[in-house]
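Every read-out reported here was derived from the displayed coordinates using simple, explicitly stated rules and does not represent laboratory data. Predicted model, so just to flag it, every value in this text is computed and none were measured.
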Ligand SMILES: NC(=O)c1ccc[n+]([C@@H]2O[C@H](COP(=O)([O-])OP(=O)(O)OC[C@H]3O[C@@H](n4cnc5c(N)ncnc54)[C@H](OP(=O)(O)O)[C@@H]3O)[C@@H](O)[C@H]2O)c1
């Protein structure tokens, strides 16, 4: 069963600017909620700061990566290293795990994910955070391509990728 990663990218794989998302599309947010509710979401400290009131997401187990030894968050588990994260995740059902950003955590955990639920937003936006180009990675193949959709002039598309050789946790 799959461990998933969920991301919204621009055509050049941009994902954020000045610690904010580049775009917000209601249908995409609904899909994010549907894919993650009841699951364990894994993300970096900077992504936490982008959530409403910088609070963990409700109705999900939140695991936050931070190198700061004294960083603690109510209603979330903070892990301080890749090794600590893997020790926590090892033995858990992979289908309960969702990697939700940002750039540093996507890059760290991409090789361990089985699937990536990608939303491509066809916008021309400057970015300072990027997702790896999955079309250039030999392990990753497109599994399904959704119909092109549009919201308030923004064209977007859901594209699911699959990893043919996911790594096991350490
Ligand atoms: N488009 C999307 O789908 C999407 C989704 C999520 C986020 N984003 C965007 O991505 C951007 C944030 O990405 P980012 O790369 O700057 O930040 P990030 O990955 O959210 O968080 C980075 C922080 O995570 C901690 N961390 C990462 N790897 C670690 C490790 N191996 N061990 C311990 N701690 C670790 C560190 O915290 P400390 O500094 O505390 O040590 C690091 O500073 C924002 O613009 C956000 O809006 C986009």
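Structure notes:
- Principal-axis tilt of helix 26-36 within the chain, Cα atoms, nearest 10 degrees: 30
- Structure remark: mean-square fluctuation, Gaussian network model of the chain, C-alpha springs under 10 Å; the largest value among 158, 131, 71 belongs to 71.
- Straightening the chain between residue 165 and residue 128 buys 10.4 nm, computed as 0.36 nm per residue apart minus the Cα-Cα spacing.
- Within the listed set 13, 140, 151, the Gaussian network model of the chain (springs between alpha-carbon atoms below 10 Å) gives the highest mean-square fluctuation for 151.
- Contour excess over end-to-end distance, with Cα ends at residue 141 and residue 55 and 0.36 nm allotted per residue: 27.5 nm
- DSSP bridge pairs, region 4-163: antiparallel proportion in percent, nearest 5: 50
- Between region 69-87 and region 113-145, the Cα center-to-center distance that results, in Å: 27
- Highest-MSF residue in the chain out of 114, 70, 128 [GNM, Cα springs under 10 Å]: 70
- Surface/4 estimate of mean projected area, convex hull on alpha-carbon atoms of region 102-170, nm²: 5.4
- In whole percents, the pair-distance distribution calculated for region 1-133 from its alpha-carbon pairs, binned every 10 Å from zero, is 12, 46, 35, 7, 0.
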